[in-house]
């Protein structure tokens, strides 16, 4: 069945098992497929998938999950495909959560654009305007995608979300190849198709509960068991976590440590329905947390670094910012603050160990390790040049042997 025409793009509406089978056959034969999704998240644990948009070299397919009982054939077809998309992680998370399956290979144009100097989170609209010379009309951004049939404006919006993705990939590859960065971007893509990327660490679910920083390890153990219970219950019923037990109620349960369902009435935000449906499971979760062996308890948040190491992190951050500016990259893409804090805490003693501590990919090692190591060991300094000319630049300058010796003598 064809959807309403959209600016000359061949558009097929996939809303029957037969049409889905044909679409899956197209995916199997296509060298690449562009993907986008529309979903609602307001009242569910996992997003309600409303539309799947697919771009082929010869047209667009709009898959209607509301009309199809089983999307497994589509997911299986995508598992063998090379997929192109923009800001793909939210789309891929749906596949990971609902189907435990991901494409074999992806190319995320937002990630690639970061290496081409467009920042870390450029929108599709801005990237299409800059690279394709087209201004997309985003009139349906808050559209209700559960309504059927689609209006012509909805179809145009759906098609626009994938229409230019192949052109974006080709153009970005050319730009990155010209700058010697194509492999840099490519190194970032495999993590997007690893299921563990979309999995919460079961030992650290407590970190998702605000207020955990003030707790001791035993309390964190209880909190983590309650977080497991909340997560399972929300997933079973596909409702948001906050509809099960809000964060402040979780904190209250840890403080109360109830031994019976009756004690739950002491918390005014646990109503009779929650006590009836979850009471026994809450009591059991608290009991499990109280019996965790000491050595198995969750770690507390790291202690503050202290003034000297905080200063070191700030100094390294200036250097990383200078490196990022010099290479036209977002600072947090090169090295986030968390990585710098780990370096400050562990003080690795070789350049190789420095890269290993924060698990740097090869392009990050290439850009950051030597400058960081040389600064940390006093072999280079940061200087500001051009300030008096109103053109300030932060530079990284290697010292000669005499300057290094003088510095060692002064601090010895």
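The values are calculated or read from the model by the stated rules, or taken from the named source; none is laboratory data. Remember, predicted model here, so these are calculated numbers, not experimental data. Glycine also receives a Cβ, built like all others from the backbone with ideal geometry; neighbour counts cover every protein chain displayed.
Just to be sure before I move on: is residue 95 part of a helix (DSSP H, G or I) and farther than 14 Å from residue 161 by Cα in the structure I sent? Full working, then the answer.
On the way: part of a helix (DSSP H, G or I): yes; farther than 14 Å from residue 161 by Cα: yes.
Criteria met by residue 95.
On the given criteria, is residue 128 under 24 Å from the mean Cα position of the chain (by Cα), within 27 Å of residue 330 (Cα to Cα) and in contact (Cβ under 8 Å) with a residue 24 or more places away in the chain?
Details: under 24 Å from the mean Cα position of the chain (by Cα): yes; within 27 Å of residue 330 (Cα to Cα): yes; in contact (Cβ under 8 Å) with a residue 24 or more places away in the chain: yes.
So residue 128 fits the description; yes.
Run down 88, 127, 131 and say which single residue is under 23 Å from residue 30 (Cα atoms) and surrounded by 14 or more Cβ atoms within 10 Å (Cβ to Cβ).
On the way: 127 fails: under 23 Å from residue 30 (Cα atoms); 131 fails: under 23 Å from residue 30 (Cα atoms).
Unique residue meeting the criteria: 88.
Return the only residue of 139, 146 being farther than 25 Å from residue 363 by Cβ, in contact with a strand residue (DSSP E or B) (Cβ under 7 Å, 6 or more places away or on another chain), part of a loop (DSSP other than H, G, I, E, B) and modelled with pLDDT under 95.
On the way: 139 fails: in contact with a strand residue (DSSP E or B) (Cβ under 7 Å, 6 or more places away or on another chain).
Selected residue: 146, the only one of 139, 146 that is farther than 25 Å from residue 363 by Cβ, in contact with a strand residue (DSSP E or B) (Cβ under 7 Å, 6 or more places away or on another chain), part of a loop (DSSP other than H, G, I, E, B) and modelled with pLDDT under 95.
Collect the residues in segment 51-85 that are surrounded by fewer than 23 Cβ atoms within 10 Å (Cβ to Cβ) and part of a helix (DSSP H, G or I), keeping them in residue-number order.
72, 73, 75, 76, 77, 79
Looking for something surrounded by 12 or more Cβ atoms within 10 Å (Cβ to Cβ), closer than 29 Å to residue 118 by Cβ and at pLDDT 95 or above - is there at least one such residue anywhere in segment 387-394?
First pass over segment 387-394, keeping only residues surrounded by 12 or more Cβ atoms within 10 Å (Cβ to Cβ): 393-394.
Of the ones still in play, those that are also closer than 29 Å to residue 118 by Cβ are 393-394.
From the residues that got through so far, the ones that are at pLDDT 95 or above too are none.
No, every residue in segment 387-394 fails to be surrounded by 12 or more Cβ atoms within 10 Å (Cβ to Cβ), closer than 29 Å to residue 118 by Cβ and at pLDDT 95 or above.
Please name all residue pairs, on different chains or six or more residues apart, with Cβ atoms under 9 Å, provided the first residue is in segment 371-392 and is without any contact (Cβ under 8 Å) to a residue 60 or more places away in the chain and assigned by TED's automatic domain parsing to the domain that holds residue 335 and the second residue is surrounded by fewer than 12 Cβ atoms within 10 Å (Cβ to Cβ) and in a helix (DSSP H, G or I).
So the pair list comes out as 378/408; 378/411.
Can you tell me which residue is modelled with the highest pLDDT among those in segment 395-412 that are assigned to a helix (DSSP H, G or I) and exposed (fewer than 14 other Cβ atoms within 10 Å of the Cβ)?
So the first thing to find is which residues in segment 395-412 are assigned to a helix (DSSP H, G or I), and the list is 401-411.
Adding the requirement that they be exposed (fewer than 14 other Cβ atoms within 10 Å of the Cβ) leaves 401-402, 405-406, 408-411.
Working: 401: 74, 402: 66, 405: 67, 406: 65, 408: 60, 409: 62, 410: 59, 411: 58.
If we take residues in segment 395-412 being assigned to a helix (DSSP H, G or I) and exposed (fewer than 14 other Cβ atoms within 10 Å of the Cβ), then 401 is modelled with the highest pLDDT.
Quick one: residue 213 ticks every box in (1) in contact with a helix residue (DSSP H, G or I) (Cβ under 9 Å, 6 or more places away or on another chain); (2) within 28 Å of residue 255 (Cα to Cα); (3) not in a loop (DSSP other than H, G, I, E, B) bar one, so which box is it?
Evaluating residue 213 over (1) in contact with a helix residue (DSSP H, G or I) (Cβ under 9 Å, 6 or more places away or on another chain); (2) within 28 Å of residue 255 (Cα to Cα); (3) not in a loop (DSSP other than H, G, I, E, B) leaves (1) as the failure.
Kindly check whether there is at least one residue in segment 295-306 that is at positive phi and surrounded by fewer than 14 Cβ atoms within 10 Å (Cβ to Cβ). Give the derivation first.
At the first step, the residues of segment 295-306 found to be at positive phi are 306.
Those left that are additionally surrounded by fewer than 14 Cβ atoms within 10 Å (Cβ to Cβ): 306.
Yes, segment 295-306 has at least one match.
Given the structure, is residue 105 over 20 Å from residue 51 (Cα atoms), assigned by TED's automatic domain parsing to the domain that holds residue 34, crowded, with 19+ Cβ neighbours inside 10 Å and touching a strand residue (DSSP E or B) at 6+ places or on another chain (Cβ under 6 Å)?
Details: over 20 Å from residue 51 (Cα atoms): yes; assigned by TED's automatic domain parsing to the domain that holds residue 34: yes; crowded, with 19+ Cβ neighbours inside 10 Å: no; touching a strand residue (DSSP E or B) at 6+ places or on another chain (Cβ under 6 Å): yes.
No: the conditions fail for residue 105.
If you take the residues in segment 259-282 that are at pLDDT 95 or above and crowded, with 19+ Cβ neighbours inside 10 Å, which one is farthest from residue 234 (Cα to Cα)?
Only one residue tops the list, namely 264.
Step by step: first the residues of segment 176-190, then only those that are without any contact (Cβ under 8 Å) to a residue 60 or more places away in the chain and surrounded by 13 or more Cβ atoms within 10 Å (Cβ to Cβ), then the one that is farthest from residue 106 (Cα to Cα). Which residue is that?
Going through the qualifying residues, I end up with 182.
Just for segment 193-209: of the residues that are assigned to a helix (DSSP H, G or I) and out of contact with any helix residue (DSSP H, G or I) (no Cβ under 6 Å at 6 or more places or on another chain), which one is farthest from residue 130 (Cα to Cα)?
Step one: list which residues in segment 193-209 are assigned to a helix (DSSP H, G or I), which gives 193, 195-198, 202-208.
Narrowing further to those that are out of contact with any helix residue (DSSP H, G or I) (no Cβ under 6 Å at 6 or more places or on another chain): 193, 196, 202-204, 207-208.
Numbers: 193: 28, 196: 34, 202: 42, 203: 44, 204: 41, 207: 39, 208: 38 Å.
Per the stated criteria, the residue is 203.
Can you work out which of the residues in segment 36-50 that are touching a helix residue (DSSP H, G or I) at 6+ places or on another chain (Cβ under 9 Å) and not in a loop (DSSP other than H, G, I, E, B) is farthest from residue 238 (Cα to Cα)?
Looking at the filtered set, the residue picked out is 36.
State which residue is surrounded by the most Cβ atoms within 10 Å (Cβ to Cβ) when the search covers only segment 348-360 and only residues that are modelled with pLDDT of 95 or more and not in a helix (DSSP H, G or I).
Ranking the candidates gives 348 first.
For segment 228-255, which positions are without any contact (Cβ under 8 Å) to a residue 24 or more places away in the chain and within 15 Å of residue 280 (Cα to Cα)?
If the condition is that a residue be without any contact (Cβ under 8 Å) to a residue 24 or more places away in the chain and within 15 Å of residue 280 (Cα to Cα), then 230, 232 are the ones that fit.
Go through segment 98-108 and count every residue that is part of a helix (DSSP H, G or I) and either touching a helix residue (DSSP H, G or I) at 6+ places or on another chain (Cβ under 7 Å) or modelled with pLDDT of 95 or more (or both).
Our first condition is that a residue be part of a helix (DSSP H, G or I); within segment 98-108, this holds for 98-99.
Of the ones still in play, those that are also either touching a helix residue (DSSP H, G or I) at 6+ places or on another chain (Cβ under 7 Å) or modelled with pLDDT of 95 or more (or both) are 99.
Result for segment 98-108: 1.
Of the numbered conditions (1) touching a helix residue (DSSP H, G or I) at 6+ places or on another chain (Cβ under 6 Å); (2) surrounded by fewer than 20 Cβ atoms within 10 Å (Cβ to Cβ), residue 111 fails exactly one; give the number of that condition.
Unmet for residue 111, out of (1) touching a helix residue (DSSP H, G or I) at 6+ places or on another chain (Cβ under 6 Å); (2) surrounded by fewer than 20 Cβ atoms within 10 Å (Cβ to Cβ): (2).
Can you confirm whether residue 117 is in contact (Cβ under 8 Å) with a residue 12 or more places away in the chain and out of contact with any helix residue (DSSP H, G or I) (no Cβ under 8 Å at 6 or more places or on another chain)? It would help to see each step written out before you state the result.
On the way: in contact (Cβ under 8 Å) with a residue 12 or more places away in the chain: yes; out of contact with any helix residue (DSSP H, G or I) (no Cβ under 8 Å at 6 or more places or on another chain): yes.
In short, yes.
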